[in-house]
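**Q** This is the structure I have questions about; it appears just below.
The values are calculated or read from the model by the stated rules, or taken from the named source; none is laboratory data. Please read all numbers here as calculations on a predicted model, not as lab measurements. No Cβ is skipped: glycine too gets one built from the backbone with ideal geometry, and neighbour counts run over all protein chains shown. With ligands, DNA and RNA removed, areas are computed over all heavy atoms of the protein, side chains included. Shrake-Rupley method; radii C 1.70, N 1.55, O 1.52, S 1.80 Å.
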Amino acid sequence: MKEIKLDVHTHTLASGHAYGTINEMIKEASNRNLDILGITEHGPGIPGACNPFYFFNIKVVPRMQYGVKLMLGAEINILDYKGTLDLKPEHIKHLDLRIAGIHFQCYKPRSIDENTTAIINAIKNPDIDIISHPDDGHCPLDYEAVVKAAKEYHTLLELNNNALRSSSRLNVAQNQETLMKLSMKYDVPMICGSDAHYMNDIANYTCIEPIIKKVNFPDKLIINYDSKKFEEYINENAKNRLYH
Ligand SMILES: [Zn+2]
Ligand SMILES: [Zn+2]
């Protein structure tokens with residue numbers, strides 16, 4: 001892979017099952033020469049995750065430290081096929097970055113149509129920037145419909161490094177390959193996410209790399225190589241948000 005400039009899917013102590021502090025994470029991001037580090041704590045649907053009140057006060061944290069731009073956000077849970085989220089607009093409006101994803105602690109997979117509707121409704125939500133790990137075969141999705149919606153509603157789909165190492169998920173590599181091929185077909189950028197729960201995993205995309213090589217996924221569709229392009233992408237979304 002080319003030089004990685006950003007990783008915006010990471011967790012700290014605040015998520016309840018991750019182990020670094022914000023300060024430790026940002027120092028490590030600086031050591032790894034990242035331009036941008038995103039810390040996206042789990043929404044309240046995950047056991048031990050932040051109370052929503054956590055997000056009210058994140059303005060106190062300086063956003064530029066050790067030469068790295070810090071974006072504080074959340075990985076918000078999708079709760080049902082309507083795309084209902086587990087953070088309310090009054091919390092979401094404080095975030096620099098909004099990821100939405102399905103986790104089985106608070107979403108029960110149903111038919112492929114219902115799962116696809118859940119994801120597409122989150123994609124359509126103007127508050128959501130990224131969909132995390134849409135790659136678990138336990139929650140089957142119509143990938144063509146998902147990629148087309150991501151293009152239409154300007155939402156990034158994630159290639160999640162952590163999911164590729166998980167023994168509890170199904171067909172992740174195959175599903176990420178399918179997502180990459182469809183992204184090439186429809187010319188839609190994707191974002192790699194480490195999903196780091198400790199400093200050593202920041203910007204670690206080593207499990208995604210072989211799939212990128214296998215399908216010859218073009219550099220121009222990997223947004224992690226260009227922090228300006230990423231910021232423009234997020235700023236474009238900010239214009240359409242419901243709450244400011
Ligand atoms: Zn987690
Ligand atoms: Zn997740």
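**Q** When TYR54 is evaluated against the numbered criteria (1) part of a loop (DSSP other than H, G, I, E, B); (2) within 16 Å of ligand 1 (Cβ to nearest atom), which criterion, by number, is the only one it fails?
**A** Checking TYR54 against (1) part of a loop (DSSP other than H, G, I, E, B); (2) within 16 Å of ligand 1 (Cβ to nearest atom), the one that fails is (1).
**Q** I've got another one for you. Evaluate the following for LEU70: is it in contact with a Pro (Cβ under 9 Å, 6 or more places away or on another chain) and more than 16 Å from ligand 1 (Cβ to nearest atom)? Please lay out each step first, then the result.
**A** On the way: in contact with a Pro (Cβ under 9 Å, 6 or more places away or on another chain): yes; more than 16 Å from ligand 1 (Cβ to nearest atom): yes.
Considered against the rule, which asks whether it is in contact with a Pro (Cβ under 9 Å, 6 or more places away or on another chain) and more than 16 Å from ligand 1 (Cβ to nearest atom), LEU70 comes out as yes.
**Q** What is the residue count in region 178-206 for residues that are free of Cβ contacts under 8 Å to residues at least 40 places away in the same chain, β-branched (Val, Ile, Thr) and open to solvent by less than 20 Å² (accessible area, probe 1.4 Å)?
**A** So the answer is 0.
**Q** Take the residues in region 139-177 that are crowded, with 16+ Cβ neighbours inside 10 Å and acidic (Asp, Glu); name whichever of them is nearest to ALA100 (Cα to Cα).
**A** Looking at residues that are crowded, with 16+ Cβ neighbours inside 10 Å and acidic (Asp, Glu), I get GLU158.
**Q** Scan ASN33, ASN115, ASN121 and give me the residue that is open to solvent by 60 Å² or more (accessible area, probe 1.4 Å) and modelled with pLDDT of 95 or more.
**A** Values: ASN115 fails: open to solvent by 60 Å² or more (accessible area, probe 1.4 Å); ASN121 fails: open to solvent by 60 Å² or more (accessible area, probe 1.4 Å).
Being open to solvent by 60 Å² or more (accessible area, probe 1.4 Å) and modelled with pLDDT of 95 or more holds for just one of ASN33, ASN115, ASN121, which is ASN33.
Okay, residues lined up against (1) in contact with a Pro (Cβ under 7 Å, 6 or more places away or on another chain); (2) of a type in the set (S, T, N, Q); (3) part of a helix (DSSP H, G or I); (4) more than 18 Å from PRO134 (Cα to Cα):
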| residue | (1), (2), (3), (4) |
| --- | --- |
| GLU177 | no, no, yes, no |
| LEU182 | no, no, yes, no |
| ALA203 | no, no, no, yes |
| THR206 | no, yes, no, yes |
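**Q** Consider LYS220 carefully, then state whether it is open to solvent by 50 Å² or more (accessible area, probe 1.4 Å) and closer than 19 Å to ILE36 by Cα.
**A** On the way: open to solvent by 50 Å² or more (accessible area, probe 1.4 Å): yes; closer than 19 Å to ILE36 by Cα: yes.
So LYS220 fits the description; yes.
**Q** Here is a further query. Cβ-Cβ distance below 6 Å, separation of 6 or more or different chains: which pairs start in region 95-107 with a residue that is closer than 18 Å to THR155 by Cβ and open to solvent by 30 Å² or more (accessible area, probe 1.4 Å) and end on one that is part of a strand (DSSP E or B) and more than 10 Å from ligand 2 (Cβ to nearest atom)?
**A** Listed pairs, sorted by first residue: ASP96/MET71; ASP96/LEU72; ASP96/GLY73.
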